[in-house]
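Participant: Got a structure for you, written out below as structure tokens; questions coming shortly.
Any read-out appearing in this document is the output of simple, stated calculations on the displayed coordinates, not a laboratory observation. The structure presented is a predicted model; accordingly, all values stated were derived computationally and were not measured. Here Cβ is always computed from backbone atoms with ideal geometry, including for glycine, and neighbour counts include all displayed protein chains.
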Amino acid sequence: MYDLVIIGSGPAGLSAAIYATRAELNAVTMEKGFMSGGQVLLTETVDNYPGIPNVNGFDLGQKLRDHADSLGAVFIEEEIQSIEKKDGFFVLHGLSADYETKTIIAATGAQHRHLGVEGEERLAGRGVSYCATCDGALYKGKTVAVVGGGNVAVEDALFLSRMCAKVYLIHRRSELRAVRSLQTQAFKTENLELVWDSVLDEITGADDVTGVKVKNVKTGETTELALDGVFVAVGITPDSRVFDGLVDMEAGFIKAGEDGATSLPGLYAAGDVRTKAMRQIVTAAADGANCVHSIDEYLRTL
């Protein structure tokens, strides 16, 4: 019987593992992949994590795991298939075995939705990004495109317009889905150009992004835009399937506040999988710490 099982070992899960070990909890972290780090492993450069500027994402992920290992944190390669709560504790059914625990931290993260176009996967981290606030500063004075038409896409385009020479906002419809206040700002921004009724057909470049091919969905005409970066903002999908029916959710995200507590006592959520305004490495790390603090207090009541 564990005090805590942490499911997922991205920044949120690794932070939780560090704090749980320091709190001397009988904890284990489960990772379904062969390597810890989560989405940060796919990031070319991270320049907004405090104290570690301009670091390769893979290296940052390894530093987080090394820190947890140095404290003696326990890790198991396991994929949890289902969870049930009975007699005041949880039973986790994995591919390899079953596990019992008093508490759980859901740190399973979320996946950015991809466009599925030629060049996207090949140039990911080399001009293709899914996080403007993470990577925008790398494109100061350059030309970029944002794909999408919702609040996040327009917010990203406005954010990038403050540092980039030119920003294209490519949207498949003739109207944006973002709230009116954001649309008004976008229409007033001189270096922000709307590309209506269009989809990305291809992202071009050998080693780095050099441009995109854009297809008008009404005319079928294809045009090419020369640019340095593409920011995809067409939504994210939380990896929360295993928690379906256990806790309250909102659009697939587990509803939890800063303390990580969910609607089910003993189950906490950290990182991208929970409802929150800002999904960044630093906020994920904070979530992991907050969850362990909450769990430490919760365990004292049992």
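Participant: Tell me the volume per residue, in Å³, of the convex hull enclosing the alpha carbons of segment 114-232.
Facilitator: 90
Participant: Report the paramagnetic label zone for residue 165: residues of segment 190-213 whose backbone N is under 17 Å from a point 7 Å from Cα along the Cα-to-Cβ axis.
Facilitator: Label zone hits: 190-193, 209-212.
Participant: Fewest to most neighbouring Cβ within 10 Å: what's the order for 227, 71, 160?
Facilitator: 71, 227, 160
Participant: Now for a separate question. Classify segment 1-60: rounded, prolate or oblate, from the alpha-carbon gyration tensor (a ≥ b ≥ c, eigenvalue square roots; a/c under 1.5 rounded; otherwise prolate if a/b is larger than b/c)?
Facilitator: Verdict is oblate for segment 1-60.
Participant: What range in the chain is the longest one free of GluC sites (Glu not before Pro) that are in a loop by DSSP and have at most 14 other Cβ atoms within 10 angstrom? Please report the intermediate quantities before stating the final value.
Facilitator: Numbers: sites that count: 24, 79, 121, 175, 190, 221, 258.
Of all site-free stretches, the longest is 25-78.
Participant: Here is a further query. Using Cα-Cα distances under 8 Å and only pairs 6 or more residues apart, what relative contact order does the chain have, in percent?
Facilitator: 20
Participant: Something else: What is the gain in length, in nm to one decimal, between residue 221 and residue 142 on full extension, counting 0.36 nm per residue of separation less the C-alpha to C-alpha distance?
Facilitator: Additional length available on full extension: 25.8 nm.
Participant: Test of understanding: ordering 41, 14, 123 by Cβ neighbours within 10 Å, fewest first, what list do you get?
Facilitator: Working: 41 18, 14 33, 123 21.
Ascending number of Cβ neighbours within 10 Å: 41, 123, 14.
Participant: Counting helices only, and only those DSSP H runs with n ≥ 4, report the 222 nm mean residue ellipticity of the chain as the sum of -39,500 (n - 2.57) divided by its residues, in deg cm²/dmol to the nearest 500.
Facilitator: After summing the helix terms and dividing by residue count, I get -7000 deg cm²/dmol.
Participant: In what order do 215, 188 fall by count of nearby beta-carbon atoms within 10 Å, going from fewest to most?
Facilitator: Going from least to most buried by this count: 188, 215.
Participant: Can you list the lysines whose alpha carbon is less than 18 Å from that of residue 86, not counting same-chain residues fewer than 8 positions off?
Facilitator: Within reach: 102.
Participant: So if we plug the beta-carbon distance of residue 293 and residue 121 into 1/(1 + (r/R0)^6) with R0 = 30 Å, what FRET efficiency do we get, rounded to 0.05?
Facilitator: FRET efficiency, residue 293 to residue 121: 0.20.
Participant: Let me ask something additional. What lysines could a cross-link reach from residue 142, if we take a straight Cα to Cα line under 24 Å and drop same-chain neighbours fewer than 8 places away?
Facilitator: Output for residue 142: 166, 188, 213, 215.
Participant: Next up: Taking the DSSP beta bridges in segment 114-232 as the whole, what percent of them are antiparallel, to the nearest 5?
Facilitator: Antiparallel bridges make up about 40 percent of those DSSP assigns within segment 114-232.
Participant: In the chain, which cysteines lack any other cysteine Cβ under 4.7 Å from their own?
Facilitator: Isolated Cys, the chain: 164, 291.
Participant: Can I ask one more? Measure out, as a whole number of angstrom, how far apart the alpha-carbon centroids of segment 198-268 and segment 2-81 sit.
Facilitator: 23
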